[in-house]
């Protein structure tokens, strides 16, 4: 991680706004503050914001504050997202629109504020956290899959548009990740997280989920100079799921 101690970046996380849908707890200020404190303990200069990626003025202010503080933005990791179940024909407008607004429009909304700073600096890396759901169909997750397929399309389009400015854009496509979100989804289904994992994973490797550290390591690699030739592509982190 030492390579990044002097590289300003923005890392939008889970939406922090309480929602009736999807019905599980979102990230909290306490968690964000704790993470920022751990970063500062490593000697890293860190800014933390509570924001909703659907709120453009708030997004704009956070991006500008970052640019003002550090002078540039080198890395954007679009990680904000939600998930929820429902048959396509039974979804409400609110369920569909909320999923798309956070998972797809949110990354675009953040990106359009960050990209001008990257263009001015003639460098940058954007990593959009998609999913294996962005590469296949998934029953009862049509709205989620649509948002993640859209994020892959946005990634490839940005990569084409921004290559001339020395900006790389990659879509990260993990399988299920062992986070509290899965506990909430299991609760909605009346099952345990383990039951959800066994029902939905189908990974080749003997693991029901991958770990957050696996995703973090992939992001660090993709943002580094070791991945300088990677852009416009989907980076699979699926434990062999899509090999079947």
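Condition first: within 14 Å of residue 140 (Cβ to Cβ) and either touching a residue at least 40 places away in the same chain (Cβ under 8 Å) or in contact with a strand residue (DSSP E or B) (Cβ under 9 Å, 6 or more places away or on another chain) (or both). Now tell me which residues in the stretch 182-198 satisfy that.
Of everything in the stretch 182-198, those that are within 14 Å of residue 140 (Cβ to Cβ) and either touching a residue at least 40 places away in the same chain (Cβ under 8 Å) or in contact with a strand residue (DSSP E or B) (Cβ under 9 Å, 6 or more places away or on another chain) (or both) turn out to be 185, 188, 189.
Quick check on my filter: what residues within the stretch 191-216 are part of a helix (DSSP H, G or I) and farther than 18 Å from residue 80 by Cα?
To start, the set of residues in the stretch 191-216 that are part of a helix (DSSP H, G or I) comprises 193-200, 212-216.
Residues satisfying the conditions are 193, 194, 195, 196, 197, 198, 199, 200.
With the structure loaded, tell me whether residue 186 is within 14 Å of the chain's Cα centre (by Cα) and either at pLDDT 95 or above or over 18 Å from residue 130 (Cα atoms) (or both) or whether it fails that test.
Judged against the criteria, residue 186 is not a match.
I'm trying to understand the selection: among the residues of the stretch 116-132, which are crowded, with 21+ Cβ neighbours inside 10 Å and free of Cβ contacts under 8 Å to residues at least 60 places away in the same chain?
117, 118, 124, 126, 128, 131
Return only the number of the condition from (1) under 24 Å from residue 218 (Cβ atoms); (2) assigned to a loop (DSSP other than H, G, I, E, B); (3) out of contact with any strand residue (DSSP E or B) (no Cβ under 9 Å at 6 or more places or on another chain); (4) at pLDDT 95 or above that residue 48 does not satisfy.
Condition (4) is where residue 48 drops out.
Test residue 67 against the criterion of being assigned to a loop (DSSP other than H, G, I, E, B), more than 21 Å from residue 233 (Cα to Cα) and either free of Cβ contacts under 8 Å to residues at least 60 places away in the same chain or in contact with a strand residue (DSSP E or B) (Cβ under 6 Å, 6 or more places away or on another chain) (or both), and give yes or no.
Numbers: assigned to a loop (DSSP other than H, G, I, E, B): no; more than 21 Å from residue 233 (Cα to Cα): yes; either free of Cβ contacts under 8 Å to residues at least 60 places away in the same chain or in contact with a strand residue (DSSP E or B) (Cβ under 6 Å, 6 or more places away or on another chain) (or both): yes.
Judged against the criteria, residue 67 is not a match.
Go through the stretch 221-233 and give me each residue that's within 18 Å of the chain's Cα centre (by Cα), outside any loop (DSSP other than H, G, I, E, B) and crowded, with 17+ Cβ neighbours inside 10 Å.
Scanning the stretch 221-233 gives 222, 223.
If you go through the stretch 199-215 one residue at a time, do you hit one that is more than 15 Å from the chain's Cα centre (by Cα), loosely packed, with under 14 Cβ neighbours inside 10 Å, at pLDDT 95 or above and within 30 Å of residue 160 (Cα to Cα)?
For the stretch 199-215, residues more than 15 Å from the chain's Cα centre (by Cα), loosely packed, with under 14 Cβ neighbours inside 10 Å, at pLDDT 95 or above and within 30 Å of residue 160 (Cα to Cα): absent.
Say whether the condition of being farther than 22 Å from residue 177 by Cβ, modelled with pLDDT of 95 or more and touching a helix residue (DSSP H, G or I) at 6+ places or on another chain (Cβ under 7 Å) is met by at least one residue in the stretch 128-145. Reasoning before the result, please.
Step one: list which residues in the stretch 128-145 are farther than 22 Å from residue 177 by Cβ, which gives none.
So far as the stretch 128-145 goes, no, none of its residues is farther than 22 Å from residue 177 by Cβ, modelled with pLDDT of 95 or more and touching a helix residue (DSSP H, G or I) at 6+ places or on another chain (Cβ under 7 Å).
Take the residues of the stretch 52-64 that are in contact with a helix residue (DSSP H, G or I) (Cβ under 6 Å, 6 or more places away or on another chain) and either more than 24 Å from residue 146 (Cα to Cα) or without any contact (Cβ under 8 Å) to a residue 24 or more places away in the chain (or both): which is surrounded by the most Cβ atoms within 10 Å (Cβ to Cβ)?
Looking at residues that are in contact with a helix residue (DSSP H, G or I) (Cβ under 6 Å, 6 or more places away or on another chain) and either more than 24 Å from residue 146 (Cα to Cα) or without any contact (Cβ under 8 Å) to a residue 24 or more places away in the chain (or both), I get 63.
Against the condition out of contact with any helix residue (DSSP H, G or I) (no Cβ under 7 Å at 6 or more places or on another chain), touching a residue at least 60 places away in the same chain (Cβ under 8 Å), part of a helix (DSSP H, G or I) and surrounded by 14 or more Cβ atoms within 10 Å (Cβ to Cβ), how does residue 242 come out, does it pass? Don't jump to the end; show me each part of the working.
Working: out of contact with any helix residue (DSSP H, G or I) (no Cβ under 7 Å at 6 or more places or on another chain): no; touching a residue at least 60 places away in the same chain (Cβ under 8 Å): yes; part of a helix (DSSP H, G or I): yes; surrounded by 14 or more Cβ atoms within 10 Å (Cβ to Cβ): yes.
Spelling it out, it is not the case that residue 242 is out of contact with any helix residue (DSSP H, G or I) (no Cβ under 7 Å at 6 or more places or on another chain), touching a residue at least 60 places away in the same chain (Cβ under 8 Å), part of a helix (DSSP H, G or I) and surrounded by 14 or more Cβ atoms within 10 Å (Cβ to Cβ).
Quick check: anything in the stretch 76-87 surrounded by fewer than 23 Cβ atoms within 10 Å (Cβ to Cβ), free of Cβ contacts under 8 Å to residues at least 60 places away in the same chain and under 26 Å from residue 231 (Cα atoms)?
no
What is the residue count in the stretch 168-198 for residues that are surrounded by fewer than 20 Cβ atoms within 10 Å (Cβ to Cβ) and under 30 Å from residue 225 (Cα atoms)?
Summing the residues that are surrounded by fewer than 20 Cβ atoms within 10 Å (Cβ to Cβ) and under 30 Å from residue 225 (Cα atoms) in the stretch 168-198 gives 3.
The values are calculated or read from the model by the stated rules, or taken from the named source; none is laboratory data. What you see is a predicted model; the values in this text were computed from it and never measured. As a convention, Cβ positions derive from the backbone with ideal geometry for all residues, glycine included, and neighbour counts pool all protein chains shown.
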